[in-house]
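Have a look at the structure below, then the notes.
The values are calculated or read from the model by the stated rules, or taken from the named source; none is laboratory data. Just so we're clear, the structure is a prediction, and the values are computed from it rather than from any experiment. Virtual Cβ from ideal backbone geometry, glycine too; neighbours counted across all protein chains shown. Ligands, DNA and RNA are stripped out before the accessible areas are found, and what is left, the full protein with its side chains, is counted by its heavy atoms. Shrake-Rupley method; radii C 1.70, N 1.55, O 1.52, S 1.80 Å.
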Amino acid sequence: MTVYFDTLPDLSEIDDPLLESVLIALFTDKYVPNADLPYQTGTNGGWHGDAVALETQTAQTEEYSWGSRLWTLEREKINEDTPEKVKKIVEDALEPLLFLKEINDISVSAERFGDGVAFTVAVDALSGRRDFVFQNIKG
């Protein structure tokens, strides 16, 4: 099943736990140390979910910043390197879902789309393969 997004849905209207987890992982602002910020900003990102420890049956990580760094690309020029940056950011953001066994595998692709970048997330979950396509999403 493939789901397409050109705007982000209201999370309160979603009745799909996997989709909700993917959207939270991708579109909440991950904390970024000052040294890693690409430009001067009044914030480093982060949110109250950072207070929740990442716990699995085999390991626990006390400090973990949930979300993604997609927000850091908001003011960057789109160039030939941007799709690869987006791909890495998305993979990193979805990693906790692998640790927590919500998904078995992920595959991410990204490409320039108009004046932005579109990306596809293919997720292998217990319920089967799901593809999420994000086009024209702004930070």
> Within the stretch 107-139, which residues are more than 15 Å from the chain's Cα centre (by Cα), crowded, with 18+ Cβ neighbours inside 10 Å and not aliphatic (A, V, I, L, M)?
Replying inline: Arg130
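Yes or no, residue by residue, for (1) touching a Cys at 6+ places or on another chain (Cβ under 6 Å); (2) outside any loop (DSSP other than H, G, I, E, B); (3) crowded, with 16+ Cβ neighbours inside 10 Å; (4) at pLDDT 90 or above:
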{"site": "Tyr4", "(1), (2), (3), (4)": "no, yes, no, no"}
{"site": "Leu8", "(1), (2), (3), (4)": "no, no, no, no"}
{"site": "Ile24", "(1), (2), (3), (4)": "no, yes, yes, no"}
{"site": "Gln40", "(1), (2), (3), (4)": "no, no, no, no"}
{"site": "Gly45", "(1), (2), (3), (4)": "no, no, yes, no"}
{"site": "Gly49", "(1), (2), (3), (4)": "no, yes, no, no"}
> From the set of residues in the stretch 65-106 that are assigned to a loop (DSSP other than H, G, I, E, B) and small (Gly, Ala, Ser), which is nearest to the chain's Cα centre (by Cα)?
Replying inline: Gly67
> Can you tell me which residue in the stretch 10-22 is modelled with the lowest pLDDT, limited to those that are open to solvent by 50 Å² or more (accessible area, probe 1.4 Å) and part of a loop (DSSP other than H, G, I, E, B)?
Replying inline: Asp10
> Restricting to the stretch 74-95, what's the tally of residues that are out of contact with any helix residue (DSSP H, G or I) (no Cβ under 6 Å at 6 or more places or on another chain), touching a residue at least 60 places away in the same chain (Cβ under 8 Å) and surrounded by 19 or more Cβ atoms within 10 Å (Cβ to Cβ)?
Replying inline: 1
> In the stretch 108-130, which residues are of a type in the set (Phe, Trp, Tyr) and over 13 Å from Glu84 (Cα atoms)?
Replying inline: Phe113
>> For the stretch 122-139, give me the residue count where each residue is touching a strand residue (DSSP E or B) at 6+ places or on another chain (Cβ under 8 Å) and either within 16 Å of Lys30 (Cβ to Cβ) or not in a strand (DSSP E or B) (or both).
In response: 4
